[in-house]
Amino acid sequence: MPSKAKGNRPHKDEYRLKAHECFDSVVSNLKKHVRFQTQGRITPKQLLSTIVAMSVERLSIHSINTISDDVSSPTNIKHHLNKITLEELVDKNAILLTSEILNCIPKDKPYQLSMDINEETYYGEISEINEQYVIGGQLKKSTKLFYKYTSVYLTYQNIKITLAVLPMKKKVELIEYVKELLSIVERLGIRYDV
């Protein structure tokens, strides 16, 4: 549950999640919507907590032992992550991002939407698994390779709320992503201004 902020800060009457509340909410939401079986001594909650912690700290799977003693090895994590496809995550990303927040915003009014494209530098090898997602571009941070993502968000009471994120593929026109993002927004039941 969000905690009421205290003190003389400008937003003292706003409700905000504390770090542990946010972390617990993300793990709980993933556990609810991304189902998979674990084996051995690791539980789904331990696995998801470890993955979220690695993501927050921007650590690779090989840094697993700095996050948790509950997970036996990077191989164990990789084994369980391989059970989830990127297509499944793309399909569920809107519900993962919005399931907690949609009940907090009024649906009786249209919102202005914004869309962004973000690049994450990529230094790894290109393989069959990622070749359609690794996109070339201008040299930045010693590489010309990137993962690109497009996202849509609305602004409510000066807060940006991300509604969906899509990984971009080679040779797919930008207009296709715009159509898909707007389709997701409509499926969420959110009205928007054009």
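The values are calculated or read from the model by the stated rules, or taken from the named source; none is laboratory data. Here the structure is a predicted model, which means the values were calculated and not measured. Methodologically, a virtual Cβ is constructed for each residue, glycine included, from the backbone with ideal geometry; neighbour enumeration extends over all protein chains shown. In case anyone asks, the SASA skips ligands and DNA or RNA and just uses the protein heavy atoms, side chains included. Shrake-Rupley method; radii C 1.70, N 1.55, O 1.52, S 1.80 Å.
Determine whether Glu100 is closer than 30 Å to Leu59 by Cα and within 21 Å of the chain's Cα centre (by Cα).
In short, yes.
Among the conditions (1) in a helix (DSSP H, G or I); (2) open to solvent by 80 Å² or more (accessible area, probe 1.4 Å); (3) without any contact (Cβ under 8 Å) to a residue 12 or more places away in the chain; (4) farther than 25 Å from Phe146 by Cα, Lys31 misses just one, which is (3). Listed conditions (1) touching a residue at least 24 places away in the same chain (Cβ under 8 Å); (2) more than 24 Å from Thr162 (Cβ to Cβ) are all met by Ile61, apart from (1).
Only a single item in (1) modelled with pLDDT of 80 or more; (2) open to solvent by 70 Å² or more (accessible area, probe 1.4 Å); (3) touching a helix residue (DSSP H, G or I) at 6+ places or on another chain (Cβ under 7 Å); (4) under 20 Å from Asp24 (Cα atoms) is not met by Asp70, and it is number (1). Does segment 137-153 contain any residue that is in a loop (DSSP other than H, G, I, E, B) and surrounded by 12 or more Cβ atoms within 10 Å (Cβ to Cβ)? Looking for residues that are in a loop (DSSP other than H, G, I, E, B) and surrounded by 12 or more Cβ atoms within 10 Å (Cβ to Cβ), one finds none in segment 137-153, hence no.
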